[in-house]
Amino acid sequence: EDQVTQSPEALRLQEGESSSLNCSYTVSGLRGLFWYRQDPGKGPEFLFTLYSAGEEKEKERLKATLTKKESFLHITAPKPEDSATYLCAVPAGANNLFFGTGTRLTVIP
Amino acid sequence: NAGVMQNPRHLVRRRGQEARLRCSPMKGHSHVYWYRQLPEEGLKFMVYLQKENIIDESGMPKERFSAEFPKEGPSILRIQQVVRGDSAAYFCASSLGQRHSGNTIYFGEGSWLTVV
């Protein structure tokens, strides 16, 4: 059965302290890995799609990378406004996404 | 605002009542998805619709839940005879084309249902 596991469940960083979030997956024939950001009381906001091992994408302080078994979301010099839950997802069937339970990031000023 | 629009944002229903959640997809999008997020759980797929058609309802509970996306108007997720376990955030999403064709799925802000 396809699985997505995110770690850690929660992460507290000082402002400026870089770190990485992990998303491990067991999917046969990966057809994309997706990263979303979710703020409390809001819907998921699309960040990145990665399709092949070795691919990298960047947006401001975020960089997503993909290997054959996992994806990392690197956060460089985070700011308090980066505090959110970060979700990764993989395709499940033709029409939907299977989401991990997320990493809740808190950046302390 | 050209994003996915959901209403109501918050809804309180007593056990046994009906809940209707509405979703207008992004402009130009004709593919709609509904997901549910229970407290402390991840987002779970419920149903995928195109105009006037339910394409995939594999995540939909067999009873009390239904969805539609009429030719005109928003998509509706209907929950009949609500129970406390239905309390959750319900997210609508839309895409320009089919997800498996590489189209990004964009989410709305959600409808929070509380059953008392």
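Each value in this text was obtained by applying a stated rule to the coordinates, not by laboratory testing. Since this is a predicted model, take the numbers as computed values, not measurements. Please note: Cβ atoms are built from the backbone with ideal geometry, for glycine as well, and neighbour counts cover all protein chains shown.
Okay, here's what the table says:
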{"quantity": "2 or more residues farther than 14 Å from B:Ile105 by Cβ: qualifying strands (runs of 3 or more DSSP E) within the range A:1-50", "calculated": "A:3-7, A:10-14, A:19-26"}
{"quantity": "Subset of the range A:23-62 (residues that are away from every other protein chain (no Cβ under 11 Å), basic (Lys, Arg), touching a residue at least 12 places away in the same chain (Cβ under 8 Å) and surrounded by 12 or more Cβ atoms within 10 Å (Cβ to Cβ))", "calculated": "A:Arg61"}
{"quantity": "Any chance A:Thr65 is in contact with a strand residue (DSSP E or B) (Cβ under 7 Å, 6 or more places away or on another chain), more than 10 Å from chain B (Cβ to nearest Cβ), of a type in the set (S, T, N, Q) and surrounded by fewer than 17 Cβ atoms within 10 Å (Cβ to Cβ)", "calculated": "no"}
{"quantity": "Residue list for the range B:1-37, filter: closer than 15 Å to B:Val83 by Cβ and more than 12 Å from the chain's Cα centre (by Cα)", "calculated": "B:Leu11, B:Val12, B:Arg13, B:Arg14, B:Arg15, B:Gly16, B:Gln17, B:Glu18"}
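Per-residue answers, yes or no, for (1) surrounded by 14 or more Cβ atoms within 10 Å (Cβ to Cβ); (2) within 14 Å of chain A (Cβ to nearest Cβ):
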site: B:Arg9; (1), (2): no, yes
site: B:Val12; (1), (2): no, no
site: B:Glu41; (1), (2): no, yes
site: B:Ala67; (1), (2): yes, yes
site: B:Gly102; (1), (2): no, yes
site: B:Tyr106; (1), (2): yes, yes
site: B:Val115; (1), (2): yes, no
